[in-house]
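A short write-up of the structure that comes next.
The values are calculated or read from the model by the stated rules, or taken from the named source; none is laboratory data. The structure displayed is predicted, hence computed values, not measured ones. Glycine also receives a Cβ, built like all others from the backbone with ideal geometry; neighbour counts cover every protein chain displayed.
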Amino acid sequence: MDDNIFVLQKGVSVVFDQYGRKYCFIIMRFWLLSTHEGPDDPEGTKIFKVTSSEDGSPQKKLATAVYEFHRELTRGASPDWTVTTVWHWHWKLAE
């Protein structure tokens with residue numbers, strides 16, 4: 001089970017194409033506590049302190065993921081957002 005602990009907006013862009021359509025791109029970074037095996041986020045460990053669990057559950061590690069979302073803002077366009085990029089450490093399920 002993963003728990004988001006902090007979300008940070010990394011960038012917002014509004015772009016117009018040659019036909020007058022308007023697009024918005026948003027990059028978000030998520031820090032989460034995860035039981036997956038993988039490296040701790042080196043930048044995140046400078047910001048957050050993770051303590052041992054007291055209830056005997058598996059130790060969670062600090063991980064990070066970056067998502068880029070976009071959607072067209074032109075009048076009449078679909079209101080749905082699309083995830084265009086996903087980046088995260090290479091994790092595997094803890095055994």
Could you list, ordered by first residue, the pairs with Cβ atoms under 7 Å in which the first is in segment 61-88 and over 25 Å from Asp3 (Cα atoms) and in contact (Cβ under 8 Å) with a residue 12 or more places away in the chain and the second is in a loop (DSSP other than H, G, I, E, B) and among the basic types (Lys, Arg), at least 6 apart or interchain? Glu72/Arg21; Thr74/Arg21
Between a first residue in segment 19-33 that is of a type in the set (Val, Ile, Thr) and a second residue that is assigned to a strand (DSSP E or B) and surrounded by fewer than 16 Cβ atoms within 10 Å (Cβ to Cβ), which pairs have beta carbons less than 6 Å apart while being 6 or more apart in sequence or on different chains? Ile26/Val12; Ile26/Phe69; Ile27/Lys10; Ile27/Gly11
Condition test on Leu8, is it outside any loop (DSSP other than H, G, I, E, B), at pLDDT 70 or above and surrounded by fewer than 14 Cβ atoms within 10 Å (Cβ to Cβ)? yes
Among residues of segment 1-35, those that are over 16 Å from Tyr67 (Cβ atoms) and among the aromatic types (Phe, Trp, Tyr), counted: 3
Got a sec? Which of Asp41, Asp55, Asp2, Asp80 is modelled with pLDDT of 85 or more and acidic (Asp, Glu)? Asp80
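For segment 27-47, enumerate the residues that are part of a strand (DSSP E or B) and out of contact with any Gly (no Cβ under 7 Å at 6 or more places or on another chain). Before the answer, list the steps.
Of segment 27-47, the ones part of a strand (DSSP E or B) are 27-34, 37.
Selection gives Met28, Arg29, Phe30, Leu32, Leu33, Ser34, Glu37.
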